[in-house]
Amino acid sequence: MTNTRHCFIYLFTAIYLAACGAAEAPGTAATTADDPRIDLLVRGDYVVTMDGSGTIIENGAIAVDNGVIVAIGPADELAAEYPATETLAGDGRIVMPGLVNGHSHAAMTLLRGVADDLALMDWLENYIFPAEVAFVDPEFVRIGTELACWEMIRGGTTTFVDMYYYPDTIAEVVDSCGMRALISATVIDQRSPDAENADDSLSKGVGFIERWQGRNSRITPIFGPHANYTLNAEQLAATRAAAMELGAPISIHVSESPFELQYSQDNYGMTSIELYESIGFFEGPTIAAHVVWPTDKEIPILRDRKVGVIHNPTSNMKIASGISPVTEMLAAGVRVGLGTDGAASNNDLDMWEEMRLAAFLQKVDRMDPEALPATTVLSMATSGGATAIGLGDQVGSLEAGKRADLIQVAFEDVHHIPTYDVISHLVYVSDEQDVASVVVDGKVLMKDRKILTIDTDRVKSEATELAARIQSALEQRNQ
Ligand SMILES: [Zn+2]
């Protein structure tokens, strides 16, 4: 891969970056003296809490009321103590926290597989850019984000951090489908589908954040400055200043490719992370996607500034960005989560695959099977990921007082037999088809593999129809 290729990868990503949101207030009526029932009891043969002690409860349950976990313990005891309006049966099920996808460009599901394995210039100029110029508008973003949310709910993801265009549209989709999300307003110094330049995108981002802050407890509006090669140091500092003023976090691509390293040295005389540190960029909450090439000097900066690093193993391999030193960052105390990146560079949003590949990539890179064990990688996808994106006090583990974001994973199919160790199965065996039920903020979004909050037939038909128009336009253009 060449620097030019990386450059275009980034330009492409920039053009497609944006955000996604979450929505809706917690559960229904709280338990009262007149109605002692709680909203929901979720049972499982195993409850994998991902709490600080790694507690696993056999024949356990989670009691949920008003969107909050009110109790966790042996299923029979909780069933007796907490009569529930609804119960999710636990036979053949593992209950665990919902998965946290720390980096995505959700609407790019509509460009899934539009072109693969091409030289970047060919890919961008003949496929991605034309499709984008012609098709990225609020309707594209709505349909693509709905398609992504359908896929993510189906695969057990309950929270995601998104970066794309038309963030209000993303937030409306998340509001409606019931997921939790941090939605970035993309800031980039070039003409994009929803802005003319850095000033315009920053000013539109401020409007988006003001419209969505405090509007829905599941949706956190944030800024998404693209990178330090699509924004200059002054524009990056201005974005951080706006974020500080609004109390909003930032999501950004950091140290992703050799191109970025070279660009940073050529233009700033220092590495990306040194540049961010020099302008005070890390003084507010930061979610840094990729971080493939941090130096030994930069890793302590990431730790000390509490930067949340999001590792995207599939994208890093497919685009040949490199192998992130995840093991070293974790050992140093850096907060590291997992993400899928967009579906044009993955090509799906399957966090189970990310877990497996994250583990395998570290092992083979170091020729050490003890690098990144299953428990650690499961934490990166749940509690550690939630901490990395700044929601560690709300979600990511199953503990009384936390928001009720959890899933049931079926482990009765043939590929799970026998089961000696549930953590091993969750990381090395399970896939998105095993997810049986999904609960976010106490609301059941999927039950017995049926998604309840998205009209999947409508989304399937809209996405297929839009994809046909994209394909036809690309074919005409390339004739
Ligand atoms: Zn990205």
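Brief remarks follow.
- Contacts under 8 angstrom Cβ, first residue in segment 305-319 being hydrophobic (A, V, I, L, M, F, W, C) and part of a helix (DSSP H, G or I), partner open to solvent by 10 Å² or more (accessible area, probe 1.4 Å) and away from the ligand (no atom under 13 Å from the Cβ), 6 or more apart: 317/357; 317/361
- The listed residues are 384, 401, and the only one of them that is at positive phi and open to solvent by 10 Å² or more (accessible area, probe 1.4 Å) turns out to be 401.
- Test: residue in segment 359-369 that is away from the ligand (no atom under 16 Å from the Cβ), touching a residue at least 24 places away in the same chain (Cβ under 8 Å) and of a type in the set (A, V, I, L, M): yes
- Boolean, residue 68 is under 26 Å from the mean Cα position of the chain (by Cα), open to solvent by 10 Å² or more (accessible area, probe 1.4 Å) and not acidic (Asp, Glu): yes
- The residues in segment 387-398 that are under 17 Å from residue 312 (Cβ atoms) and open to solvent by 20 Å² or more (accessible area, probe 1.4 Å) can be counted, and the count is 0.
- Matching residues in segment 320-343 - criterion: being buried (at least 22 other Cβ atoms within 10 Å of the Cβ), in contact (Cβ under 8 Å) with a residue 40 or more places away in the chain and not in a helix (DSSP H, G or I): 321, 335, 336, 337, 338, 339, 340, 341, 342
- Number of the exception - residue 431 against (1) farther than 25 Å from residue 380 by Cα; (2) modelled with pLDDT of 95 or more: (1)
- Extreme residue, nearest to the chain's Cα centre (by Cα), among residues of segment 217-234 that are among the polar types (S, T, N, Q) and either under 19 Å from residue 285 (Cβ atoms) or open to solvent by 40 Å² or more (accessible area, probe 1.4 Å) (or both): 220
- Filter result (within 14 Å of the ligand (Cβ to nearest atom), without any contact (Cβ under 8 Å) to a residue 60 or more places away in the chain and among the small types (Gly, Ala, Ser)) within segment 221-274: 255
- Considering segment 438-449, the residues that are part of a strand (DSSP E or B) and more than 15 Å from residue 63 (Cα to Cα) include one that is most open to solvent (accessible area, probe 1.4 Å), namely 447.
- Scanning segment 450-460 for residues that are farther than 17 Å from residue 179 by Cβ and surrounded by 12 or more Cβ atoms within 10 Å (Cβ to Cβ) yields a single hit, 460.
- So residue 196, is it surrounded by fewer than 19 Cβ atoms within 10 Å (Cβ to Cβ) and either touching a helix residue (DSSP H, G or I) at 6+ places or on another chain (Cβ under 9 Å) or at pLDDT 95 or above (or both): no
- Only residues that are within 16 Å of the ligand (Cβ to nearest atom) and of a type in the set (Phe, Trp, Tyr) were counted across segment 279-331, and they come to 1.
- Hey, residue 372 part of a loop (DSSP other than H, G, I, E, B) and within 27 Å of residue 65 (Cα to Cα) or not: no
- Test for residue 351: is it buried (at least 22 other Cβ atoms within 10 Å of the Cβ), within 16 Å of the ligand (Cβ to nearest atom) and touching a residue at least 12 places away in the same chain (Cβ under 8 Å): yes
- So residue 377, is it in contact (Cβ under 8 Å) with a residue 12 or more places away in the chain and among the β-branched types (Val, Ile, Thr): yes
The values are calculated or read from the model by the stated rules, or taken from the named source; none is laboratory data. Predicted, not measured: the structure shown is a model, and the values here were computed from it. Here Cβ is always computed from backbone atoms with ideal geometry, including for glycine, and neighbour counts include all displayed protein chains. Remember, those area values only see protein heavy atoms, side chains included, never the ligands or the DNA or RNA. Shrake-Rupley method; radii C 1.70, N 1.55, O 1.52, S 1.80 Å.
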